[in-house]
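**Student:** Got a structure for you, questions after.
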Amino acid sequence: MQVKKAVIPAAGLGTRFLPATKAMPKEMLPIVDKPTIQYIIEEAIASGIEDIIIVTGKGKRAIEDHFDHAFELEDTLMKKGKMDMLDSVLETSKVEIHFIRQKQPLGLGHAIWSARKFIGDEPFAVLLGDDIVENDEPCLAQLMNQHELTGKSVIGVQQVAEQDTDRYGIIDPVSVDGKLIKVNKFVEKPQAGTAPSNYAIMGRYVLTPEIFEYLGEHELGAGGEIQLTDAIQKLNEVQSVYAYDFDGQRFDVGEKFGFIETTIEFALKRPELKEQLLDLFEKKLLEKRTVESAKY
Ligand code: G1P
């Protein structure tokens with residue numbers, strides 16, 4: 001069955017970006033001039049998703065406003081002939097996006113479970129906002145293809161450094177032979193030194209609807225939260241869940257340095273910003289060298 005619906009959880013408090021996220025959803029923090037959540041939505045659309053449900057919480061109204069029409073702004077831009085700006089504003093109001101509130105902050109697994117009525121009895125996608133993936137064939141489209149071939153749930157993974165495995169859901173692969181991987185076990189944030197591999201779950205999933213049975217058990221896992229990874233492992237015990245080592249560069253916008261790095265990488269892709277940025281780096285490097293050489 002074709003995957004047409006996607007869930008994007010956006011209920012987290014965004015504490016890593018305080019105070020910016022005190023009154024503004026972390027999903028609205030921009031990379032150059034586009035909110036992070038818009039990159040995620042564009043990937044879903046480019047993959048062929050038709051309906052998107054965003055699971056929000058308190059203080060997230062700006063996300064709803066962002067994907068709505070802004071008549072006054074559109075009218076003003078139109079009258080002033082600022083067509084490029086008008087296009088960029090209209091871009092966000094083209095898609096059918098639905099919103100639902102997660103009633104209690106009980107974890108990622110609970111946020112996905114909140115969308116069960118919207119999904120019904122069909123396979124669906126999940127995209128997490130902390131990961132932006134760049135590739136000609138979108139990351140989600142790659143997983144959807146694998147789902148069509150296998151009929152099973154498919155979880156996007158990539159390898160991470162050994163010392164970072166405790167920050168992710170990690171798979172214990174049966175064997176790694178190509179990009180589609182059979183999995184013994186999915187483990188959420190294994191303690192340092194205990195990870196069964198360095199293949200980490202990267203915030204892209206295609207899941208069969210049976211996942212809701214296990215999410216509905218509301219069992220608490222790592223960090224005292226209802227974990228999506230734990231429900232995936234339970235599903236894996238009754239119907240194989242595959243991992244897929246997808247192609248693409250992944251940017252971690254969920255933590256400060258990753259966010260800054262992504263901003264710089266994306267700004268360097270803009271012709272109108274590139275030269276200025278490179279000049280700035282050159283100047284900073286020179287300053288650094290001058291300070292260093294003064295030490296000797
Ligand atoms: C979540 C998932 C984890 C996954 C990660 C990817 O963790 O629970 O399995 O590896 O996203 O970004 P979080 O970063 O929300 O703690």
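The values are calculated or read from the model by the stated rules, or taken from the named source; none is laboratory data. In this text the structure is predicted, and so the values were computed from the model without any measurement. For neighbour counting, all protein chains shown are included, and Cβ atoms are generated from backbone atoms with ideal geometry for every residue, glycine included. Calculation scope for accessible area: heavy atoms of the full protein, side chains included, ligands and nucleic acids excluded. Shrake-Rupley method; radii C 1.70, N 1.55, O 1.52, S 1.80 Å.
**Student:** Against the definition (in contact with a Pro (Cβ under 6 Å, 6 or more places away or on another chain), touching a residue at least 12 places away in the same chain (Cβ under 8 Å) and not small (Gly, Ala, Ser)), how does Ile211 come out, yes or no? Full working, then the answer.
**Tutor:** On the way: in contact with a Pro (Cβ under 6 Å, 6 or more places away or on another chain): no; touching a residue at least 12 places away in the same chain (Cβ under 8 Å): yes; not small (Gly, Ala, Ser): yes.
Against the criterion (in contact with a Pro (Cβ under 6 Å, 6 or more places away or on another chain), touching a residue at least 12 places away in the same chain (Cβ under 8 Å) and not small (Gly, Ala, Ser)), Ile211 does not qualify.
**Student:** If we scan segment 74-94, do we find a residue that is in contact with a strand residue (DSSP E or B) (Cβ under 8 Å, 6 or more places away or on another chain) and modelled with pLDDT of 85 or more? I'd like the intermediate steps shown before the answer.
**Tutor:** First pass over segment 74-94, keeping only residues in contact with a strand residue (DSSP E or B) (Cβ under 8 Å, 6 or more places away or on another chain): none.
Checked segment 74-94: no residue is in contact with a strand residue (DSSP E or B) (Cβ under 8 Å, 6 or more places away or on another chain) and modelled with pLDDT of 85 or more.
**Student:** Then there is this: What's the total number of residues in segment 18-63 that are open to solvent by less than 70 Å² (accessible area, probe 1.4 Å), among the acidic types (Asp, Glu) and closer than 26 Å to Ile260 by Cα?
**Tutor:** Final tally of qualifying residues: 3.
**Student:** Please verify whether segment 207-224 includes one or more residues that are within 13 Å of the ligand (Cβ to nearest atom) and out of contact with any strand residue (DSSP E or B) (no Cβ under 9 Å at 6 or more places or on another chain).
**Tutor:** Looking through segment 207-224, at least one residue is within 13 Å of the ligand (Cβ to nearest atom) and out of contact with any strand residue (DSSP E or B) (no Cβ under 9 Å at 6 or more places or on another chain).
**Student:** If you go through segment 3-15, how many residues are open to solvent by 50 Å² or more (accessible area, probe 1.4 Å) and modelled with pLDDT under 90? Please lay out each step first, then the result.
**Tutor:** Here is the first cut: in segment 3-15, the residues open to solvent by 50 Å² or more (accessible area, probe 1.4 Å) are 4, 13, 15.
After this cut, where a residue has to be modelled with pLDDT under 90 as well, the list is 13, 15.
Of the residues in segment 3-15, 2 are open to solvent by 50 Å² or more (accessible area, probe 1.4 Å) and modelled with pLDDT under 90.
**Student:** Just wondering, is there one or more residues in segment 249-257 that are of a type in the set (Lys, Arg) and surrounded by 13 or more Cβ atoms within 10 Å (Cβ to Cβ)? Steps first, please.
**Tutor:** Taking segment 249-257 as the starting set, the residues that turn out to be of a type in the set (Lys, Arg) are 250, 256.
Filter once more, so that each one left must be surrounded by 13 or more Cβ atoms within 10 Å (Cβ to Cβ): 250.
Among the residues of segment 249-257, at least one is of a type in the set (Lys, Arg) and surrounded by 13 or more Cβ atoms within 10 Å (Cβ to Cβ), which makes the answer yes.
Results for (1) in contact with a Gly (Cβ under 8 Å, 6 or more places away or on another chain); (2) under 27 Å from Glu210 (Cα atoms), shown as yes or no for each residue.
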site: Lys4; (1), (2): yes, yes
site: Pro9; (1), (2): yes, yes
site: Thr15; (1), (2): no, no
site: Pro19; (1), (2): no, no
site: Ala23; (1), (2): yes, no
site: Tyr39; (1), (2): no, no
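**Student:** Consider only pairs whose beta carbons are under 8 Å apart and that are at least six residues apart or on different chains; among these, list those whose first residue lies in segment 69-89 and is within 17 Å of Lys34 (Cα to Cα) and among the aromatic types (Phe, Trp, Tyr) and whose second residue is open to solvent by 90 Å² or more (accessible area, probe 1.4 Å) and outside any helix (DSSP H, G or I).
**Tutor:** Short answer, once both residue conditions are applied: none.
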